[in-house]
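Novice: Mind having a look at this structure? Questions to follow.
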Amino acid sequence: MIDRTRGYYNEKSETMSREEREVYKKERLSEILQYGYEHSKFVRSLLIKAGLRPEEIKELKDLEKLPITKKADLVKAQKENPPFGGFETLSGKNLKRIYISPGPVFEPGERDYRDIRWAQALYASGIREGDIVLNTFNYHLTPLALMLDESLQMIGATVVPVGPGNISMLIQLMRELKVTGYIGTPSFLMAIVDAAEGMGLNLQKEIHLQTAFVGAEMFPESLRQKLEGKLHILIQQGYGTVDVGCLGYECREKKGMHIPEDVIVEIVDTETGKQLEMGATGEIVATNFIKAFPMIRFATGDLSYLIEEPCPCGRTSFRLGKILGRTDQVTKVSGIFIHPWQVDEIMHKFPMVANYQVVVTRKEYRDAMSLYIELKEEVSDPHTLKRRLEREVEETLKVKGEVIFT
């Protein structure tokens, strides 16, 4: 019987003392700042504008001396200096992949993927060597599915790279391959469970799942309890962004999300950018150590707080509390961030649109987006216009939305 509740992917780093961890992070910060100063136009300009050299950032607290970089800054920089906005440190010929995430934002992928943060998260969720894991995150253009794919291979698991495909087919694959692990959004797992029950399957005898790792959308406790009750397994979540990678993951205790060693997470005042005291609610700001695409003080737009009490699991890192909301008008639909300006750009392509409103709701634990549109005047073929609008929404935002004329 496999013990899925104990152990570490990297025990030495995950259980280091607070003093050791601070020294380690300061060393990694110094390295990435120096490397970025020498190889990244954006990081160099960031330091120069602040009147600083890399060696002047000596403590983690010193990060406050640098400005915060927002998603909009990244989009703007890439438009002015395509394709990567000067953030990159490698030439195109040295890249394994080029990803495209909503924005749009181009992201370089290293040839040799060594970031172990998602592997730590997956191991903490109970995935072990020899597991057969269904990866239902989208492999199309965005990096998350492939990051997790690489991380599963680090653990020694076998990946079934399905993406969010036909549910009936996925259930058949799960039964025939005796899939033991699931990674994807919690709402999609709920959809699989509902479909399996609708087919008259016994979830414990005919679905062989033993562990599940979920992310990319809100995971209310009511949904966790419902899924765990039906599947009789523990389900744990992780948190991160495609820009900075994994920022936190749950252990078996489920008392917050452990912050990996290879990233710096600050909770800051949304107006001043200053670090807040332990337990105070503020914006999550992250600095990663990825040389191909270093992000220094990148604002996620999510609100949370830090927990410093020791965790019974043995991991010694600070933990992120639950995600409490967003700092601006942006919202997340099925794991994809939707910005108001993206919708504006879509509607500008349709001169017959007078006013519009985007409404996001939750139906049976799934996100649903509706676009209520008022036309300037009646059109001869509203059904064709509706299809054109819905197609444009899906192609631009990477998520489906129902158009409703008012």
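Derivation of every value follows stated rules applied to the coordinates shown; laboratory data play no part. Note that the coordinates shown come from a computational prediction; the quantities given were computed from them, not determined experimentally. Every residue, glycine as well, gets a Cβ built from its backbone with ideal geometry; the counts of neighbours run over all protein chains shown.
Novice: Counting pairs of alpha carbon atoms under 8 Å apart in space and at least six apart in sequence, what relative contact order in percent does the chain give?
Specialist: So the answer I get is 14 percent.
Novice: Compute the FRET efficiency between residue 15 and residue 396 as 1/(1 + (r/R0)^6), taking r as their Cβ-Cβ distance and R0 = 35 Å, and round to the nearest 0.05.
Specialist: After rounding to 0.05, the efficiency reads 0.20.
Novice: If each DSSP helix of 4+ residues adds -39,500 (n - 2.57) and the sum is divided by the residues in the chain, what number results at 222 nm, nearest 500 deg cm²/dmol?
Specialist: Numbers: 12 runs with 128 residues, N = 406.
That comes out to -9500 deg cm²/dmol.
Novice: Among the listed pairs 79/400; 26/71; 25/79; 71/291; 254/400; 70/322, which are separated by more than 28 Å between their Cα atoms?
Specialist: 25/79; 254/400
Novice: How much length would be gained if the chain were fully extended between residue 194 and residue 52, taking 0.36 nm per residue of separation minus their Cα-Cα distance, in nm to one decimal?
Specialist: 45.5 nm
Novice: Here is a follow-up. Determine the gain in length on full extension of the stretch residue 330-residue 45; use 0.36 nm per residue of separation and subtract their C-alpha separation, reporting nm with one decimal.
Specialist: Between residue 330 and residue 45, full extension yields 99.8 nm more.
Novice: In whole Hz and in residue order, list the ³J(HN,Hα) couplings for the range 354-366 that follow from phi through the Karplus curve 6.51 cos²θ - 1.76 cosθ + 1.60, θ = phi - 60°; x for Gly and Pro.
Specialist: Rounded to whole hertz, the list is 8, 9, 7, 9, 9, 10, 10, 10, 10, 10, 6, 6, 10.
Novice: Separate question: Antiparallel DSSP bridges in the chain: what percent, to the nearest 5?
Specialist: Taking every DSSP beta bridge within the chain, about 70 percent pair in antiparallel fashion.
Novice: Using 0.36 nm times the number of residues separating residue 344 and residue 175, minus their current alpha carbon distance, what extension gain do you get?
Specialist: Gain on extension, residue 344 to residue 175, equals 56.4 nm.
Novice: How high is the FRET efficiency from residue 362 to residue 278, r the C-beta distance, R0 41 Å, rounded to 0.05? List each step's numbers first, then the result.
Specialist: On the way: r = 32 Å, r/R0 = 0.77.
So the FRET efficiency works out to roughly 0.85.
Novice: Give me the aspartates and glutamates in straight-line cross-link reach of residue 349: C-alpha distance below 19 Å, same-chain residues under 8 apart excluded.
Specialist: Excluding near neighbours in sequence, the set is 374, 377, 378, 381, 390, 392, 394, 395, 402.
Novice: Among bridges DSSP assigns within the range 336-405, what percent are antiparallel (round to 5)?
Specialist: Percentage antiparallel, nearest 5: 70.
Novice: While we're here: Quick one: Karplus J couplings for the range 299-307, per residue in order, coefficients 6.51, -1.76, 1.60, θ = phi - 60°, nearest Hz, x for Gly and Pro?
Specialist: Here the 3J(HN,Hα) series is 7, 7, x, 9, 9, 7, 8, 9, 10 Hz.
Novice: May I ask you to evaluate 6.51 cos²θ - 1.76 cosθ + 1.60, the Karplus curve with θ = phi - 60°, for each residue of the range 394-406 and list the ³J(HN,Hα) values in order in whole Hz, giving x for glycine and proline?
Specialist: Listing the rounded values in order: 5, 5, 7, 8, 6, 8, 7, x, 8, 8, 10, 7, 9 Hz.
Novice: Going highest first, how would you order 356-363, 390-397 by mean Cβ packing within 10 Å?
Specialist: Result, highest mean first: 390-397, 356-363.
Novice: For the range 268-354, what relative contact order do you get, as a whole percent, if you take Cα pairs closer than 8 Å and at least 6 residues apart? Please report the intermediate quantities before stating the final value.
Specialist: Numbers: 108 pairs, mean separation 16.2, N = 87.
Dividing the mean separation by the residue count of the range 268-354 yields 19 percent.
Novice: If the elastic network links every pair of Cα atoms under 10 Å, which of 330, 160, 244 fluctuates the most in the Gaussian network model of the chain?
Specialist: 330
Novice: Under a point spin-label approximation (7 Å from Cα along Cα-to-Cβ), what is the residue 80-residue 27 distance to one decimal in nm?
Specialist: Going by the 7 Å Cα→Cβ label model, 3.7 nm.
Novice: Can you tell which of 105, 203, 348 lies farthest toward the positive end of the dipole of the chain, using +1 and -1 charges on the Cβ of basic and acidic side chains (Lys, Arg; Asp, Glu)?
Specialist: 203
Novice: If you don't mind, there's one more thing I want to ask. Using the Kirkwood radius built from alpha carbon pairs, what does the Stokes-Einstein equation give as D for the chain at 37 °C and 0.692 mPa s, in µm² per second?
Specialist: 145 µm²/s
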